[in-house]
Amino acid sequence: MSTYFMSDIHGCYKEFIRLLEKAEFNCKKDYLWIAGDLVSRGIDSLKVLRYLYNLKNRVKIVLGNHDLNLISVYSGIKKNNKNNHFDKFLAASDSHKLIRWLRSQKILKIDKKRKIVMTHAGISPHWNLNIAQKYAIDIERFLSSDNFDLFLESMYDNKVTMWHSDLNGLDRLRYSMNVFTRMRSCYPDGRLNLFYKQSPKMLKPPLKPWFFMKHNFPQDYYIFFGHWSTLRGTAVPQPFFSLDSGCCWGGELMMFRWEDKKIFSQKFFSQE
Ligand SMILES: [Mn+2]
């Protein structure tokens, strides 16, 4: 049995399947952990979701901003954008079933025995792992509930970017959602910048990547995340581990095998 980690498949189905073959992923014995953004940008989001759905308990997923966007588009909360290539998904007969399944996925996953954490964008430098877990569960409960559409509609917010210990109700959920699914860089006081998406090499001080902020996370953990494709080639300090190599932008899809720490990768196929 092996456990593999990857992120940001973004509808790149062919590259994803080729990479599973390269790494000799066995869907009867192995486990696949994915740090979100399964869909959009690439052309085959529907195929990626169907494949993952059929893996049943062999796959462990945390949701990314693009997965939440698909749920919102499907539910009429957000407009469909042709760059996301969602049309095939929206017209499919099993889209309802797949959305229901997506809504039941996690925002944060922790394995205390093996000291593994996974989330799409990151964890607030103000939190410890127990607090992060508590706030992730708050979001997961709303997402899997019948009122998920009302909840998601009120989550799109660029203003709640600063942590206070007395942050409550919708604002705490909004802050947590911004941290888990959108964060890349922070100001010295920990305030999130939700707009800078380029390489951290061009990041203007005093902004810093979130994983360079002072924090209290245990050093003997692996904290896997995706979301920041332009991190390619940047050294990310322990205990953090970046999994997004920008496949849908012409980069690579990568996969990390826990047991021997081996990395596998697959270049983006031209869509010509
Ligand atoms: Mn993302």
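The values are calculated or read from the model by the stated rules, or taken from the named source; none is laboratory data. This one's a predicted model, so the numbers in the text were calculated from it and none came from an experiment. Cβ sites come from the backbone with ideal geometry, for glycine too, and all protein chains shown count toward neighbours. Areas reflect the complete protein model, heavy atoms only, side chains present, ligands, DNA and RNA absent. Shrake-Rupley method; radii C 1.70, N 1.55, O 1.52, S 1.80 Å.
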Quiz item: Of the residues that sit in the stretch 209-218 and are open to solvent by less than 100 Å² (accessible area, probe 1.4 Å), not aliphatic (A, V, I, L, M) and not in a helix (DSSP H, G or I), which one is nearest to D244 (Cα to Cα)?
Solution: P209
Exercise. Considering only residues that are free of Cβ contacts under 8 Å to residues at least 40 places away in the same chain and assigned to a helix (DSSP H, G or I), look in the stretch 223-241 and name the one that is surrounded by the most Cβ atoms within 10 Å (Cβ to Cβ).
Key: L231
Quiz item: Any idea which of (1) under 17 Å from the mean Cα position of the chain (by Cα); (2) over 28 Å from R50 (Cβ atoms); (3) of a type in the set (S, T, N, Q); (4) within 16 Å of the ligand (Cβ to nearest atom) is the one T119 doesn't satisfy?
Solution: (2)
Practice problem: For L98, state whether it is open to solvent by less than 20 Å² (accessible area, probe 1.4 Å), more than 16 Å from the ligand (Cβ to nearest atom) and of a type outside the set (V, I, T). | Solution: yes
Practice problem: Output the residues belonging to the stretch 164-205 that are more than 16 Å from the ligand (Cβ to nearest atom), more than 26 Å from S154 (Cα to Cα) and open to solvent by 80 Å² or more (accessible area, probe 1.4 Å). | Solution: P188, K201, M202, K204, P205
Quiz item: Restricting attention to the stretch 242-267, which residues are open to solvent by less than 50 Å² (accessible area, probe 1.4 Å) and within 16 Å of the ligand (Cβ to nearest atom)?
Solution: S242, L243, D244, S245, G246, C247, C248, G251, L253, M254
